[in-house]
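> Structure in structure tokens, see below.
The values are calculated or read from the model by the stated rules, or taken from the named source; none is laboratory data. Keep in mind that what you see is a predicted model, and the values were worked out from it rather than measured. Cβ coordinates were reconstructed from backbone atoms using ideal geometry, including for glycine residues, and neighbour counts include every protein chain displayed. In case anyone asks, the SASA skips ligands and DNA or RNA and just uses the protein heavy atoms, side chains included. Shrake-Rupley method; radii C 1.70, N 1.55, O 1.52, S 1.80 Å.
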Amino acid sequence: MIRFLLSALLSFTLSVSCFASAWTTDDILLLERASSLELSRDGSMAVWVQSKMNPKKGTSVSQVYLRYLADDHLVQLTRGDESSSSPQFSPNGKQLAFLTSRKASGDGEEGAGGADGPKSQVWLLDLRGGEPRAATAMTQGVNAFRWLDDDNLLLVAQEDSSALAQKLKQEKDTSRVVDDPNESPVRLFRFSLKDRTTKRLTQNNDRISRVDVSWNGKYAVTVHNRSSRFVFDSLVAPASYLHDLEKGTAEPIFPNTRLIPGSIEWAFDDRGFYFTSGYSSHPVYRSGTINKLYYFDLAARTHREMDLGWENGIGSGIAAVSNGLVVSLANGVRDLLARYQLEGDRLVRQDLSGEHASNVVSFRASYQNNMLAYEYTTASVPAQWYAAKLNGAGLDSPKKVTDTNSALARKTISKTETVRWTGALDEEVEGILYYPHGYEAGKKYPLVVMIHGGPSGVDRDAFRESWSYPHQLYTQRGAFILKPNYHGSSNYGLKWVESISRGKYNDLEWIDVEKGVDALIGKGLVDPEKLGIMGWSNGSIISIEISTRTDRYKAVGAGAGDVNWISDWGNAMFGHAFEDYYLGATPMQNPQLYIEKSPLFRMDKVKSPTIIFFGTEDVNVPTEQGWQHYRALQHLGNTDVKFLLFPGEPHGLRKYVHQKRKIDEELAWFDRFLFGKTEERPAWMKRESALSGLLYRSKLGEVPETAALGDLQVSRFEITRGQYAAFDQAYKVPPGTELFPATGIRFADAKRYAEWLSTRTGERFRLPTAKELSSHLRASKGGNTLDRWAGYDVNPDDAVALARSINGLSPDDLLLPVGSFAGKGSDPVFDLDGNAAEWVVSEDGSGKLMGGSADTPVDSKLGWSPRHGFAGFRVVRETAASKP
């Protein structure tokens, strides 16, 4: 047992000392995301939702931001731990409405919504000044809303609970009825801002899922979900209605068609509206579609398809502009942005030009003044929103609107490129290739294949780091990443997206992936002995399929993937619609087909170590699929397998702690089986502990080891006496104090040490700036400070007396070996809270001592300065992310 412990401690020490990551799990999880951007009608203001994971709350929190485009003035409009969403300007631009579930004053502990907790309500904010205030107080909350005019809102909201529902609630009966026909309908309401009254506008017994209002506020288009079974079997399709809000009438539109509006954009003249609808050649199902464009003529009450002259259909959306609209044309990894203008009844296309026109993934237009806001990104360029003047087909004078993730400007981000190869059926397949950090031509690298879900999803040339696909954490480990848009992906036209339907599911996709890997090996980029594969949902399904056909992958990450289509047919939310479309039959009609398609019955072929992830509340790919996958591999015993369940999580993980656990577990799995690294953190070893510091310290050499501290790579410890003596041989080191921090150091000498170290190693070292370490160098009770030696919290009077008492002591009497106390962070940095005070560079270039020291109290208000004998320093190893 002792031998095992020492061996494990040694391997842990060696592994952490040889690798220090510039990207961390939190760098991925705490990225900011801007979405739902809207322009004011005159195009002078932009408002959007900015989301970021809140580790303390444990979930993502969204806030509303406003930018005045004329002077670039930015305002954060909402704050706190509750999210806000769906911001919309009033027609005159003087007010802003948004949705939030925060409690309004006077709501009490339960808030609007009763004992179930606060429901989402409309709040208002006067943009001329003032605090946000609650507007609505709907018992079941507000699902969506639109402005009708400056004084009235159109609400989509669920009706109050029925008597039966209220009775069951009182009895605390949490039973659920599947496909419950008694669920309360979702209807339209008019809300008056002047007198705060609500009027019911519809008496429908189904559930309105979306609404769009004409610019003049006289008409609304609604889409109604008529059957809770539609997702499962696609039999009773949603219906669409046109509402005359002045007359109070509603009439069905698109009857006896298969049209279901997706995006809806009213023409600026209010004579009709453009809309998209998914098209499939299948007579019933819509699992694989392309989006087509249609126009509804308000006067004639008729619709027609608009010819875009583009067979792949519409990509990320449409936006109405003067005399036409801007359309994103589906074009594989990179959509084309085009302006279509009406000439009679036909649309004439002009491809947009400008600095960012080729990589726009979202966009919105203003009602007046021809402003277009758009989100620009590539797989190597983090997304930002811009606003530009739409001048014909040009995007003139683009101006950045959002400023998210500014720290990424100092991060190493992988080079990416679009790659193509010959896949199944000898057809061209397209994908995105991420290069390893520090790539050197001529070398072969590991490859991790990351496969998108869907199957009718698509990997675009866009920056999309996430808990499910944390690219940079793998490329910084020296791996290529291939993201293939296999047969069945969207954005490549109808033939491609339907190519795996009607019984062909998983006949082509895995071949596309395998041939893509072979192509990279053939180019000499990839080491064929170092392959890994992972995916979530359908990406996991393909990864599992491949694991039954080859053992060349050293590690498999399978998140929420199916293995048994027989049970999936009945258990999945959309089981029948999915399986009947892609497999071409039900399990009752063709059980043998289901067995042949199910990897479960080929688990004896799997030799690749597999880690499996599932949320316990997943209804898209039911959790029991993970159990079957795990138990089969466990039972057969042909490979290593691990299964993680995330309580309460649906198909996509939402909680911070679960997202972090997923990334860390998968990285550790790939480190172990693909990258060949010893596990960096045994379960029984707390990385920032004093014992961990002891182990790090035991391997110290003349060159200080660095660790990640935010965007910086700083020396893990204060420079030791032994390290400093290698630079200044005249520096005296009493025996036994080699691991003490080097103290009694002048600022100029600390700078010279960094210069010497740079010359010695060929890397750039420097002293940190005061700004860089201001939030890190803080004395605390956990560090080596005067409070620790005194044994209590030192106040001003006691500090004076204590200072006199230690005046005759040598610094060696109070200093301790570096890393004697717990460090900070998952890649720990030690003694930021005490031991020696540290030299940093002030804004004017002068030296400044910061942080706690063994001769000063913790309370910074006391204003004590350390003696010269306690003045030490640490260094920064400069990277692209840490240039001051």
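> Quick one: Kirkwood hydrodynamic radius for the stretch 736-884, alpha-carbon pairs, angstrom, one decimal?
15.9
> Given 0.36 nm per residue, what is the gain on full extension from Lys732 to Asn216 after removing their alpha carbon distance, in nm?
Stretched fully, the Lys732-Asn216 segment lengthens by 177.4 nm.
> Could you tell me the convex hull volume per residue, in Å³, taken over the Cα atoms of the stretch 645-748?
It comes to 169 Å³ per residue, whole-number rounded.
> Can you tell me the relative contact order of the stretch 688-791? Whole percent, Cα pairs under 8 Å, sequence separation 6 or more.
Relative contact order for the stretch 688-791 comes out at 14 percent.
> Let me ask something else about it. Could you check how many percent of all C-alpha pairs in the stretch 265-419 are farther apart than 25 Å?
Of all Cα-Cα pairs in the stretch 265-419, 36 percent lie more than 25 Å apart.
> What residue among Ile566, Thr24, Phe747 has its Cα farthest toward the positive end of the dipole of the chain, where the charges are +1 on Lys, Arg and -1 on Asp, Glu, each on the Cβ?
My answer, from the dipole projection, is Phe747.
> Report relative contact order for the chain in percent, whole number only (criteria: Cα-Cα under 8 Å, sequence separation at least 6).
8
> Just to check, using Stokes-Einstein with a Kirkwood Rh over alpha carbon pairs, what's the diffusion coefficient of the stretch 465-602 at 37 °C and 0.692 mPa s in µm²/s?
Here the translational diffusion coefficient equals 204 µm²/s.
> What percent of all Cα-Cα pairs in the stretch 801-879 falls in each 5 Å bin, counting up from 0?
Distribution as computed: 3, 14, 21, 24, 19, 11, 6, 1, 0, 0 percent.
> Considering only protein heavy atoms, with the full assembly of protein chains and a 1.4 angstrom probe, order Glu355, Glu838, Glu843 by accessible area, largest first.
Glu843, Glu355, Glu838
> Treating the beta-carbon of each Lys and Arg as +1 and of each Asp and Glu as -1, no other charges, what is the dipole magnitude of the chain about its Cα centre, to the nearest 20 debye?
In total the dipole reaches around 860 debye.
> According to a simple spin-label model (label point 7 Å from Cα along Cα-to-Cβ), what is the distance in nm between Glu251 and Asp798?
Output for this residue pair reads 8.5 nm.
> Turning to a different aspect of this structure: Suppose R0 equals 60 Å. What FRET efficiency, 1/(1 + (r/R0)^6) with r the Cβ-Cβ distance, do Gln341 and Lys686 give to the nearest 0.05?
Once rounded, the FRET efficiency stands at 0.40.
> What's the carbon and sulfur percent of the stretch 170-280's accessible surface, probe 1.4 angstrom, rounded to a whole number?
Carbon with sulfur: 45 percent of the solvent-accessible area.
> For the stretch 439-490, take every pair of Cα atoms, bin their distances at 5 Å starting from 0, and report each bin as a whole percent.
That works out to 5, 19, 24, 24, 15, 9, 4, 0, in percent per bin.
> List the equivalent ellipsoid semi-axes of the chain in whole Å, largest first, each obtained as the square root of 5λ for an eigenvalue λ of the Cα gyration tensor.
So the equivalent ellipsoid measures 53, 35, 28 Å along its semi-axes.
> Turning to a different aspect of this structure: Between Asp180 and Ala668, what FRET efficiency comes out of the Förster formula 1/(1 + (r/R0)^6) with R0 = 45 Å and r the beta carbon distance, rounded to 0.05?
Efficiency, from the Cβ-Cβ distance: 0.60.
> If you don't mind, another one. So if R0 is 41 Å, what FRET efficiency would Lys605 and Ala163 give, r being the distance between their Cβ atoms, rounded to the nearest 0.05?
0.10
> Calculate the dipole size of the stretch 556-619 relative to its Cα centre from +1 charges on Lys and Arg beta carbons and -1 charges on Asp and Glu beta carbons; express the result in debye to the nearest 20.
320
> Starting from the Kirkwood radius over alpha-carbon pairs of the stretch 125-182, derive D by Stokes-Einstein at 10 °C in a medium of 1.306 mPa s and give it in µm² s⁻¹.
Rounded to a whole number, D works out at 108 µm²/s.
> Using 10 Å bins from zero, what percent of all Cα-Cα pairs in the stretch 322-362 falls into each bin?
Result returned by the calculation: 30, 50, 18, 1.
> Using amide H atoms built 1.01 Å from N in the peptide plane, name the residues 5+ places from Lys848, or on other chains, whose amide H lies under 5 Å from its own.
Close amide H contacts, sequence-distant or interchain: Val840, Ser842.
> Over 11 Å apart: what share of the alpha carbon pairs of the stretch 404-444 falls there, rounded to a whole percent?
Within the stretch 404-444, distances greater than 11 Å cover 74 percent of Cα pairs.
> Next up: For the stretch 173-325, divide the Cα radius of gyration by the Kirkwood radius and give the resulting Rg/Rh value with two decimals.
In the stretch 173-325, Rg relative to Rh is 1.00.
> Okay, next question. So, with +1 on the Cβ of K and R and -1 on the Cβ of D and E, and no other charges, what is the size of the charge dipole of the stretch 597-705 about its Cα centre, to the nearest 20 debye?
So the dipole magnitude of the stretch 597-705 works out to roughly 120 debye.
> Given N residues in the stretch 536-587, what is Rg(Cα) / (2.2 N^0.38 Å)?
Working it through for the stretch 536-587, the quotient is 1.25.
> Report the convex hull volume per residue for the stretch 329-408, counting only C-alpha atoms, in Å³.
97
> Can you work out ³J(HN,Hα) from phi for every residue in the stretch 727-734, in order, using Karplus 6.51 cos²θ - 1.76 cosθ + 1.60 and θ = phi - 60°, giving whole Hz and x for Gly and Pro?
8, 10, 5, 7, 6, 7, 10, x
> Moving on to the next point. So between Leu645 and His73, what do we pick up on full extension, going 0.36 nm a residue minus the alpha carbon distance?
So the extension gain works out to 201.4 nm.
> Here is a further query. Can you list residues from other chains, or at least 5 along the same chain, whose modelled amide H is less than 5 Å from the amide H of Gly834?
Counting only residues 5 or more places away or on other chains, the set is Asn784, Gly852.
> Over the stretch 113-256, average the accessible area per residue using a 1.4 Å probe and give it in Å², no decimals.
54
> Provide the convex hull volume over Cα atoms per residue for the stretch 583-694, in Å³.
139
> What ³J(HN,Hα) values, in whole Hz, does the Karplus curve 6.51 cos²θ - 1.76 cosθ + 1.60 give for the stretch 705-710 when θ = phi - 60°, with x put for Gly and Pro?
Running phi through 6.51 cos²θ - 1.76 cosθ + 1.60 with θ = phi - 60° gives 6, 10, 9, 6, 10, x Hz.
> While we're here: On a 30 Å Cα-Cα criterion, which of the cross-link pairs Lys103/Lys400; Lys444/Lys597; Lys52/Lys103; Lys169/Lys247; Lys169/Lys660 come out too long?
In this structure, Lys103/Lys400; Lys444/Lys597; Lys169/Lys247; Lys169/Lys660 exceed 30 Å between Cα atoms.
> Using the Karplus curve 6.51 cos²θ - 1.76 cosθ + 1.60 with θ = phi - 60°, work out ³J(HN,Hα) for each residue of the stretch 420-436 in order, rounded to whole Hz, and write x for Gly and Pro.
With the stated coefficients, the stretch 420-436 comes to 9, 8, 8, x, 4, 6, 6, 9, 6, 10, 10, x, 10, 10, 9, 8, x Hz.
> Could you give the C-alpha radius of gyration of the stretch 501-561 expressed as a fraction of 2.2 N^0.38 Å, taking N as the number of residues it contains?
1.14
> Hey, another quick one. Take every Cα-Cα pair in the stretch 426-529 and report what % of them are more than 17 Å apart.
So the pairs more than 17 Å apart make up 54 percent of the total in the stretch 426-529.
> Would you mind working out the accessible area per residue for the stretch 739-884, using a 1.4 Å probe, and quoting it in Å²?
Heavy-atom SASA per residue in the stretch 739-884 reads 45 Å².
> Now, a different point. Could you calculate, for the stretch 31-102, the ratio of the Cα radius of gyration to the Kirkwood radius, expressed as Rg to Rh?
Expressed as Rg/Rh, it is 0.99.
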